[in-house]
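Structure, as structure tokens:
The values are calculated or read from the model by the stated rules, or taken from the named source; none is laboratory data. As the structure is a prediction and not an experimental result, all values here were calculated from the model. Glycine also receives a Cβ, built like all others from the backbone with ideal geometry; neighbour counts cover every protein chain displayed.
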Amino acid sequence: MTQDTHLRLIIVDDSLDDAERCVSNLRPLGYAIRSTRVENADDFIEALEAGDYDLVLCSLDASSLPLSEIVTQLSELDPPPPIIALADEGDATTPESVMTVGACHLVNKASAVHLRMVVGRELENVRRSRLLAALQTSYLDSEKRCQVLMESSRDAIAYVHDGMHVYANVAYLDLFGFESFDEIEGTPLMDMAATADQSKLKEFLRKQIRNSGNEKLELKLRHADQSSFSGEMEFSRATIDGEACTQIVIRDQTNSKELERQITLLSQTDQLTGLFNRQHLITVLQQQFSDEGKAKPATLCLLQLDNFDALRDEVGVLGADQVIKGVGELLGEASPDEAVSARFEGATFAILIPRTEKADTQNFAQSMVKAVSKFSAKVGGTTVNTTCHIGMCQLDDGVGDANEALSRAERALVASRDGKESVATYAPKAGEKSQKQLDTEWTKRFDQALQKNEMRLLFQPIVSLGGDETERFEVLVRMTVDGKEMTEIEFLPIAERTNMLNAVDRWVILNTLKKLVVKLKENENTVFFVRLTRGALEDGELFRWIHDRVKALKLPHGSLVFQFDEQDALSHLKQARAFSFALHKINCKISLDNFGTGPNPFQLLKHVPADFLKINTAFMDGLLSNQKNQEAIQKIAAKAKELGKPTIAPSVEDAGSLSVLWSLGTDLIQGNFLQKPIDTPSYDFSAMMA
């Protein structure tokens, strides 16, 4: 099962019609179902060897393959897929009997609804089990990496439980003059201090028990030969093997360049493949270009595995990771010594070779294609093979920066996938434009869209859960380019890159004011929420521009609310503070968007006096089943109520989320469940009151 979209079944049933009926009954669950029907033990074993399965449906009237034998066969798998027993109408078999044998449930074949409920539940259990296994593997890997770091650290590190040593690294043993941990295991920490300072250490440890933060203590320590030396111990809370303990670090005062090198290497490395990661590759690629945009001779290759989504569907996420790891190892061994090889993203690898001899790089690319085609990975009982395509870009004076180099290599990769050859080298096409030229065109498109009203406003209601009849709407904007409508998420990054944010902000505000004036004539109890981009906080002239227009219109107090993103406000704190106080003076209000993600989000309110808090959309993901998200929203809502700040819950997509938010104490809601954004600010707010 991959991302809850596929369902792979083995159906044990003598009747083809019954098996097809089961598949038909499960289709309303919305999965892409791949089923294999088996009638005997040989077929069952062959099916298991052919791939991984999510569930086994076993008909109890199967003549040659009883439930007990299925359970025996599946017991060899780790973990085995759940078995659901199927009984005919009138069958006297009890759930207890089949569960005793090893099935997880008994379902009547005639009960399609019951079958869907049981299958849905078991699929969720399978998903959670696989996720837990992946997390456990990741956790163990992290512990191993931490253990390696501690063992290689030049700082002396020890763990103490109930005052006794339970772990010490090599540096700690060397510092105190011991040859092995056996010599100090179970030894009191007090014995490490010189006699004159033992009372000082004892008193410190008593106080440290009541404190949870990191603390330091300077004292005289003693070697195994009883000679003394001065040192500073750092104490902090930790766990080892699941037990609470105290970590002690005595910093190495000698040159720690080797340790720094190791830590730096970890931050640059992809943990799955051992190659460099995307960030490091881009950093190295940027270093290839001078300030004048001249490139050092090199070749950038992008290697992408073919049909990787289908492969992942076949062998699962963990199986696909095995393939990526194997190809990464292959690439690391085959790449030239001077090359920088990295896992770029997903199933795409990047290789930067500091030379541009076409024959050499072409030979390398062709050899990699052949090597990957011969590569195979064992995933469970399945042998997995794959192929790849490579796109290459020669870095020369025509490539101005790292983004342009990546863009050209990606175009070559697309060309190799679309063409007959597995390797393609970027060659400029007649009339092809650089990124700088494309940005110049985008600037013209923005100018045209702003001048010819090829942008339009949409409105989405923000509805009170507490009976407030104020008609609130958030103002959204769309931009039409070449007949295609783009959302803010699509065009604002381009506007930022081309320095068009200020012009977009002004267009949105001006047209919002026009719509608001019209709406206020219909209902004076109307409020518009309008977003300001990061560029607005960097625009020193924008407030004066807003001030003049708002004052001229004499808007009712609080009818216009300006929204800042929480992260933008934090990164432009002085500007956001000044902007907020100034907007309040002209009877406008402030809303903080995407609120609640920091360690102490309410600290921001001391600087930016917001009137509304719109909860971060991340908390809305999986709200119905995510207890932690519910708890976070409830805490935000409760604290906001204390401060008199109404909270807005965005992205409400279903009735279930609505009922949960009601119980969590949020004040206002917004989302497509209420109404999708439309061209006019209209909504029946009385419907919620009813």
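Hey, any hits in region 571-582 for a residue that's closer than 25 Å to R544 by Cβ, more than 20 Å from the chain's Cα centre (by Cα), in a loop (DSSP other than H, G, I, E, B) and of a type outside the set (V, I, T)?
yes
How do the helices (runs of 4 or more DSSP H) wholly within region 619-690 filter down when requiring 2 or more residues that are out of contact with any strand residue (DSSP E or B) (no Cβ under 7 Å at 6 or more places or on another chain), more than 20 Å from T526 (Cβ to Cβ) and modelled with pLDDT of 90 or more: which remain?
627-643, 655-664
Considering every residue within region 395-402, establish whether at least one is at pLDDT 85 or above, assigned by TED's automatic domain parsing to the domain that holds G419, closer than 30 Å to G51 by Cβ and crowded, with 16+ Cβ neighbours inside 10 Å.
No, region 395-402 has no match at all.
One line per residue, one yes/no per condition, for (1) loosely packed, with under 14 Cβ neighbours inside 10 Å; (2) in a loop (DSSP other than H, G, I, E, B); (3) modelled with pLDDT of 90 or more; (4) not acidic (D, E):
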{"residue": "D252", "(1), (2), (3), (4)": "no, yes, no, no"}
{"residue": "E258", "(1), (2), (3), (4)": "yes, no, no, no"}
{"residue": "L302", "(1), (2), (3), (4)": "no, no, yes, yes"}
{"residue": "D309", "(1), (2), (3), (4)": "yes, no, no, no"}
{"residue": "G319", "(1), (2), (3), (4)": "no, no, no, yes"}
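Would you pick out the residues in region 480-498 that are of a type outside the set (S, T, Y), in contact (Cβ under 8 Å) with a residue 12 or more places away in the chain and surrounded by fewer than 21 Cβ atoms within 10 Å (Cβ to Cβ)?
V481, E488, L492, I494, E496, R497
Looking only at helices (runs of 4 or more DSSP H) that fall completely inside region 5-122, which ones have 2 or more residues that are farther than 23 Å from G380 by Cβ and aliphatic (A, V, I, L, M)?
Of the helices (runs of 4 or more DSSP H) lying wholly inside region 5-122, those with at least 2 residues that are farther than 23 Å from G380 by Cβ and aliphatic (A, V, I, L, M) span 16-26, 95-101.
Within region 486-499, is there a residue that is over 20 Å from F529 (Cβ atoms), modelled with pLDDT of 90 or more and not in a loop (DSSP other than H, G, I, E, B)?
Within region 486-499, one or more residues are over 20 Å from F529 (Cβ atoms), modelled with pLDDT of 90 or more and not in a loop (DSSP other than H, G, I, E, B).
Among what's in region 201-223 and is farther than 17 Å from R251 by Cβ and surrounded by 15 or more Cβ atoms within 10 Å (Cβ to Cβ), pick the residue that is modelled with the lowest pLDDT.
By that ranking, first place goes to Q208.
Counting only residues that are within 14 Å of S663 (Cβ to Cβ) and exposed (fewer than 14 other Cβ atoms within 10 Å of the Cβ), how many does region 622-634 have?
Number of matching residues: 3.
If a residue has to be hydroxyl-bearing (S, T, Y) and touching a helix residue (DSSP H, G or I) at 6+ places or on another chain (Cβ under 7 Å) to count, how many in region 65-80 make the cut?
Final tally of qualifying residues: 1.
Conditions tested, residue by residue: (1) within 42 Å of the chain's Cα centre (by Cα); (2) assigned by TED's automatic domain parsing to the domain that holds E232.
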{"residue": "M150", "(1), (2)": "yes, no"}
{"residue": "G163", "(1), (2)": "yes, yes"}
{"residue": "A168", "(1), (2)": "yes, yes"}
{"residue": "Q198", "(1), (2)": "no, yes"}
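Here's the yes/no breakdown for (1) aromatic (F, W, Y); (2) closer than 23 Å to E471 by Cα:
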{"site": "N600", "(1), (2)": "no, no"}
{"site": "F612", "(1), (2)": "yes, yes"}
{"site": "N629", "(1), (2)": "no, no"}
{"site": "Q634", "(1), (2)": "no, no"}
{"site": "D654", "(1), (2)": "no, yes"}
{"site": "W662", "(1), (2)": "yes, yes"}
{"site": "Q670", "(1), (2)": "no, yes"}
{"site": "L674", "(1), (2)": "no, yes"}
{"site": "F685", "(1), (2)": "yes, yes"}
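Considering only residues that are surrounded by fewer than 14 Cβ atoms within 10 Å (Cβ to Cβ), within 31 Å of the chain's Cα centre (by Cα) and outside any strand (DSSP E or B), which ones fall in region 324-371?
Answer for region 324-371, where residues must be surrounded by fewer than 14 Cβ atoms within 10 Å (Cβ to Cβ), within 31 Å of the chain's Cα centre (by Cα) and outside any strand (DSSP E or B): E333, G346.
Go through region 372-414 and report how many residues are in a helix (DSSP H, G or I) and either under 30 Å from the mean Cα position of the chain (by Cα) or in contact (Cβ under 8 Å) with a residue 40 or more places away in the chain (or both).
14
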